[in-house]
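Read through the structure below, which is laid out as structure tokens, and then see the notes.
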Amino acid sequence: MVRSVEIWLDYRREIVALSQRTRGTLRFVYRMLTLGSNNVSERSLRIDERLGYFITLIGIPSAFLLHGYVGFIFGSQNFCEPAPNSWKILRATTECCILLRPLGPRPLGPISH
């Protein structure tokens, strides 16, 4: 969501210009994307830039915290012991891994005796 707001703020000038230049359905789409904000004055664009910078300052540390916490949660899970009803899946997975494992080193060239 934060990234979408940043992209919208960066491209708002182009979206407004396209909402005024295009015709038909595309014009309607671009007008919806302007969210009713057609002001592209220098002051307005400066505010967009400052707001985008502020959102980035908040978004990047938030992403680090969120993904770090999710990694901690998944890393603390014990995936070594299967659930009681998953023995068939575990057996099929183990058999598949054994069949796909290479049987030894492959020769690099023709075999000579």
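Okay, here's what the table says:
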quantity	calculated
Under the Karplus curve 6.51 cos²θ - 1.76 cosθ + 1.60, θ = phi - 60°, whole-Hz ³J(HN,Hα) for the stretch 51-64, x wherever Gly or Pro sits	5, x, 5, 5, 5, 5, 4, 8, x, 5, x, 5, 5, 4
ARG13, ARG46 arranged by Cβ crowding within 10 Å, fewest neighbours leading	ARG46, ARG13
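Values quoted throughout were computed directly from the atomic coordinates according to the rules given, and no laboratory measurement underlies them. Not measured: the values here are computed from a predicted model. Using ideal geometry, Cβ is built from the backbone for each residue, glycine included, and neighbour counts are taken over all protein chains shown.
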